[in-house]
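The block underneath contains the structure these notes are about, expressed in structure tokens.
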Amino acid sequence: MELNRRRQKDVHHETWHVYYGDVHVGTIGVRAGVPSSAPQWGWNCGFYPGMEPGQQQHGIAASFEDARADFETAWRRMLPTLTEAAFDEWRDAVASRAEIRKIHERGEKLPSEIPSSMMRCPCGVVFDSHNPEESLPHRAHIYAIQAKGGIIR
């Protein structure tokens with residue numbers, strides 16, 4: 001499989017995303033806010049999740065051609081250290097974010113965004129705190145913990 005680059009048209013500075021198959025493995029682009037006497041191009045090689053931040057590499061270069069060559073050298077060193085599981089971890093994260101976007105586009109909430117009245121009593125029983133019949137027996141347990149300065153989770 002070869003690396004391929006895609007120019008990003010929605011950014012102010014010339015930027016190229018680098019892909020290995022379907023995985024975005026890095027970026028090459030004009031650096032913003034640097035003096036004209038400094039190298040104008042930068043690159044970063046690596047992806048997350050899938051790789052630890054310390055595994056990623058980056059650098060600067062005077063031209064696009066130099067940045068591209070430096071990126072490709074770094075990638076050739078990095079690729080043999082990567083497993084298919086690293087690429088799968090990145091793909092899974094992208095798929096998960098896409099699913100979350102779809103849920104929100106439909107106007108729905110994630111389960112973690114829906115308020116719940118369920119509680120766990122210090123005695124271990126899970127109950128609906130909005131149901132007096134269920135919650136009443138556990139109030140004494142909760143108040144006892146709170147009186148001692150404890151936190152109910």
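Computed from the coordinates by the stated procedures, all read-outs in this text should not be read as laboratory data. In this text the structure is predicted, and so the values were computed from the model without any measurement. Please note: Cβ atoms are built from the backbone with ideal geometry, for glycine as well, and neighbour counts cover all protein chains shown.
Of note:
- Sequence-distant lysines (8 or more away, or on other chains) whose Cα lies within less than 19 Å of LYS148: none
- Of THR81, VAL94, ALA32, farthest towards positive along the dipole that unit charges on Lys, Arg, Asp, Glu beta carbons give the chain: ALA32
- Cα-based helix-to-principal-axis angle, 84-105 vs the chain, degrees rounded to 10: 60 degrees
- Helix axis angle, 132-147 relative to the chain longest principal axis, alpha carbon, degrees: 70 degrees
- Helix-only [θ]222 nm of the chain, DSSP H runs n ≥ 4, -39500 (n - 2.57) each, per residue, nearest 500: -11500 deg cm²/dmol
- Under Karplus coefficients 6.51, -1.76 and 1.60, residue-wise ³J(HN,Hα) of the range 26-36 in Hz, glycine/proline x: x, 9, 10, x, 5, 7, 8, x, 9, x, 5
- Among ASP92, ASP22, ASP128: highest mean-square fluctuation, GNM of the chain, C-alpha pairs under 10 Å: ASP128
- Taking LEU3, LEU110, LEU79 and counting other C-beta atoms within 10 Å, the order from fewest to most: LEU110, LEU79, LEU3
- Approximate spin-label separation GLU65-ILE114, in nm, with each point projected 7 Å along Cα-to-Cβ: 5.9 nm
- Based on C-alpha pairs under 8 angstrom that are at least 6 apart in sequence, the range 1-115 has a relative contact order of 16 percent.
- The charge dipole of the range 1-101, taken about its Cα centre with unit charges on the Cβ atoms of Lys, Arg (+1), Asp and Glu (-1) only, comes to about 300 debye.
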